[in-house]
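Just below is one structure, and these are the notes that go with it.
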Amino acid sequence: MLPLQVIDSFLLNYNVGQALLLVFVLATVGALPLKSRRIIAANATVFGLVFIMTPQSLAPVHYLFLGIVLLVVGPVLWVTAER
């Protein structure tokens, strides 16, 4: 297990938006082998909500716009997914 000082020194170079974007990309890549568009859609919708609810003091404003885009793309992917 990594000591907290190593994780803290790594995260000091980045803001919360960048860390959330990394988690979103890793979650999406992790869901790709399942080949389910509904899981990708749920992932996009949840992270859209997370990006929108992140305070402006912790992340730049362009992550808010990314959240809005993900909230539009997520339901579209859900509706177009096959059952």
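Before moving on, here are some points about what is shown:
- Springs between Cα atoms under 10 Å define the GNM used for the chain, and in it the highest mean-square fluctuation of 70, 20, 12 occurs at 12.
- Cα-based Rg / Dmax (Å) for the stretch 35-74: 10.7, 36
- Using a simple spin-label model with pseudo-atoms 7 Å out from Cα toward Cβ, residue 81 and residue 25 lie 2.3 nm apart.
- In the chain, Cα pairs under 8 Å separated by at least six residues give a relative contact order of 33 percent.
- Degrees, to the nearest 10: 16-31 long Cα axis against longest axis of the chain: 40 degrees
- 3J(HN,Hα) along the stretch 46-56: 5, 6, x, 5, 5, 5, 6, 7, 5, x, 5 Hz, from the Karplus curve 6.51 cos²θ - 1.76 cosθ + 1.60 with θ = phi - 60°, whole Hz, x for Gly and Pro.
- Residue 15/residue 42 FRET efficiency (R0 25 Å; Cβ-Cβ; nearest 0.05): 0.45
- Counting only protein heavy atoms and a 1.4 Å probe, the chain has 72 square angstrom of accessible area per residue.
- Here the chain is described by how far its Cα atoms reach on the three principal axes: 46, 31, 13 Å, from widest to narrowest.
- Of all accessible heavy-atom area on the chain, the percent that carbon and sulfur account for (1.4 Å): 75 percent
The values are calculated or read from the model by the stated rules, or taken from the named source; none is laboratory data. Just so it is clear, the model here is predicted, and its values are computed rather than measured. Methodologically, a virtual Cβ is constructed for each residue, glycine included, from the backbone with ideal geometry; neighbour enumeration extends over all protein chains shown. These accessible areas exclude ligands, DNA and RNA; they are computed on the full protein's heavy atoms, side chains included. Shrake-Rupley method; radii C 1.70, N 1.55, O 1.52, S 1.80 Å.
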